[in-house]
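The values are calculated or read from the model by the stated rules, or taken from the named source; none is laboratory data. Computed from a prediction, not measured in an experiment: that's the story for all the values here. So basically every Cβ, Gly included, is an ideal-geometry build from the backbone, and we count neighbours across all protein chains shown. Remember, those area values only see protein heavy atoms, side chains included, never the ligands or the DNA or RNA. Shrake-Rupley method; radii C 1.70, N 1.55, O 1.52, S 1.80 Å.
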Amino acid sequence: MKVRFKNQKQAALSHFFKEEHRVIIKEKTLQGYYCYTLFNENLHEITVNDDQVEITDHDISDMIQRNDLGYGREFYINRFLIELLPLQPGQFINTQSLWVAGKLLRYFEKYNYEIPDSYKDRVLNEKYKMHLIEGFLMAINPYMERKFMGGNYFEGFEFYKGKPIPEIQLENDESLNEINLADYKNLLKTFIEKSLNDTYDNEAHSKNFASTLFVLIDSLFVYDITRIFSYKTFYNDCFVIEYQNEYYYLNQFWWG
């Protein structure tokens, strides 16, 4: 489904410069009219009312009806987009989020959107993402250590690109196991949450920190992950992600 703006000058103020634009969401409002969500040339999502546009292509064969996302009202969303970015009722698409922007890259590629440099510099910049993770870990490691204060045992996280799995030579009491890729998200979240915690009173903060760390790590992977592993040594417990022939280690280590 595609639409054209009736007022091209006004559309240009919102960075819509092309003749027509693909609709990613078509939804019926409480007032009974339709509104449409589109991506502009900056790949920002913008919703417009039906009186602002005229439909140039009525074909919705690439959309799926999901009235649950519209609280029971008529709601259509691009089928491929919802596969890449599962939404819950009340959630919005927001490409200002690094994680969301990364997950939608394959959508933009499939439909031949022009990817602006500003988007590439953020979403495809691995060094930038790794620095975000490093900075976040610098903040949360002291938070994790607080529950061990007064003792001689401490835990922390580090994240890095490491040795290829096939090159690892196991020593005594070390283990290396491939784990279920289909359960990657739940396994990574559980791995983070089991260590990233403080006291019971701070449980809400801990869950938020764990969620943020998961999102920062997962935002690295805009295409499919190949395999995941559990690698354990005496001091280290690593969740290893194989992605495009590189190996990313989230290491929960201890010392004391």
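Figures for the structure shown
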item: Residues located in segment 75-100, provided they are in a loop (DSSP other than H, G, I, E, B) and either touching a residue at least 60 places away in the same chain (Cβ under 8 Å) or closer than 23 Å to Leu216 by Cβ (or both); result: Leu85, Pro86, Leu87, Gln88, Gln91, Phe92, Ile93, Asn94, Thr95, Gln96, Ser97
item: Subset tally (residues that are open to solvent by less than 20 Å² (accessible area, probe 1.4 Å) and not in a loop (DSSP other than H, G, I, E, B)) for segment 209-226; result: 5
item: Close pairs from segment 212-223: first more than 15 Å from Leu137 (Cα to Cα), partner of a type in the set (S, T, N, Q), Cβ under 8 Å, at least 6 apart; result: Tyr223/Gln244
item: Only one of Glu178, Glu171 that is assigned to a strand (DSSP E or B) and over 26 Å from Tyr128 (Cβ atoms); result: Glu178
item: Among residues of segment 1-38, those that are of a type outside the set (S, T, N, Q) and in a strand (DSSP E or B), counted; result: 16
item: Unique match (being among the aromatic types (Phe, Trp, Tyr), modelled with pLDDT of 95 or more and farther than 30 Å from Gly151 by Cβ) among Tyr249, Tyr184; result: Tyr184
item: Extreme residue, nearest to Thr226 (Cα to Cα), among residues of segment 155-179 that are exposed (fewer than 10 other Cβ atoms within 10 Å of the Cβ) and either free of Cβ contacts under 8 Å to residues at least 40 places away in the same chain or of a type in the set (A, V, I, L, M, F, W, C) (or both); result: Pro166
item: Tabulated pairs, segment 126-154, first at pLDDT 85 or above, second hydroxyl-bearing (Ser, Thr, Tyr), C-beta under 8 angstrom, 6+ apart or interchain; result: Lys129/Ser219; Phe136/Thr212
item: Any chance Phe229 is loosely packed, with under 15 Cβ neighbours inside 10 Å and over 20 Å from Trp99 (Cα atoms); result: no
item: Boolean, Asn67 is among the polar types (S, T, N, Q) and under 22 Å from the mean Cα position of the chain (by Cα); result: no
